[in-house]
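This report concerns only the one structure given below.
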């Protein structure tokens, strides 16, 4: 009939053309045992010639899998739009799972209980075969939930003792290096613009900053939570940069906060780095294009996601996986740091 959609080739058509049973055709196409290599090759050649595309629904039913993995991001949507981390992270996931015919189920939540419920539904409804755990919190309830459900998961940048396979990129070393650079430039008044203290990576970056200052005999008490946002960094500047004893070196736990902090300093009539040196962490493109160019540590969320995806697919397949580590973030020199201003040297 004119305009009718072409008939879709089915596994039955492939089996008939290859002169084998449907069960043999299914085993060959889905990579299961039960047919010889010669027969498998012949069936696959026939399937290719007929333009056969395996049915995802059929694969799911026969293998009891969803062929999807899940990621729940707990962020305010307006804040999420600012942060380029997740774009790179999702790219890294797709690079791995697409070649294995898996899909990503991405959800955004706005609070801890909603996040837990989304993970619970993903697991119990078998919407996905496994999940990623990002932005781990101290004593994260998602870990207990997924262990209780015996559901495959891989964590990103978790604590060493987490009972879940984890991929890590060292944050302490690069943060120590950034702080030490400022100490070596003669700075003695420091501040740290941190992320929320419940996040594991916030604590690691704070610990590294504090450790360098303690070793140098310097005060490490000026800490402001910038919530990992541009606005948080801007507000932090207005909070700590107004008085005569303001810091001359500010180490931020993210580039977004650092850029916001610099904006706040400019609003107050302060120059960067003439009046205050500022460092970030993440290495986002906005920091490269900002003026002054931001001194920071460039992380690799794309590689983190790729490695995490490989691990998760292995876990789903029943493989025991060991924790993995990717190379640490690299220091990116910019123009946002300089020597301690003469007016406060020795004060």
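Residues of segment 303-331 that are within 16 Å of residue 163 (Cα to Cα), in contact with a helix residue (DSSP H, G or I) (Cβ under 9 Å, 6 or more places away or on another chain) and in a helix (DSSP H, G or I): 308, 312. Only one of the numbered conditions (1) in contact with a strand residue (DSSP E or B) (Cβ under 9 Å, 6 or more places away or on another chain); (2) outside any strand (DSSP E or B); (3) more than 29 Å from residue 130 (Cα to Cα) is violated by residue 297, and that is (2). Here residue 216 passes the criteria (1) out of contact with any helix residue (DSSP H, G or I) (no Cβ under 7 Å at 6 or more places or on another chain); (2) closer than 27 Å to residue 339 by Cα except the one numbered (1). Answer with yes or no whether residue 2 is closer than 28 Å to residue 128 by Cα, outside the structural domain of residue 114 (by TED's automatic domain parsing), modelled with pLDDT under 85 and not in a helix (DSSP H, G or I). No.
Would you mind stating whether residue 284 is over 30 Å from residue 189 (Cβ atoms) and buried (at least 16 other Cβ atoms within 10 Å of the Cβ)?
Numbers: over 30 Å from residue 189 (Cβ atoms): no; buried (at least 16 other Cβ atoms within 10 Å of the Cβ): yes.
Criteria not met by residue 284.
Name the residue that is surrounded by the fewest Cβ atoms within 10 Å (Cβ to Cβ), counting only residues in segment 16-32 that are at pLDDT 85 or above and not in a helix (DSSP H, G or I). That would be 19.
The values are calculated or read from the model by the stated rules, or taken from the named source; none is laboratory data. Worth saying up front: this structure is predicted, and the values here are computed from it rather than measured. Here Cβ is always computed from backbone atoms with ideal geometry, including for glycine, and neighbour counts include all displayed protein chains.
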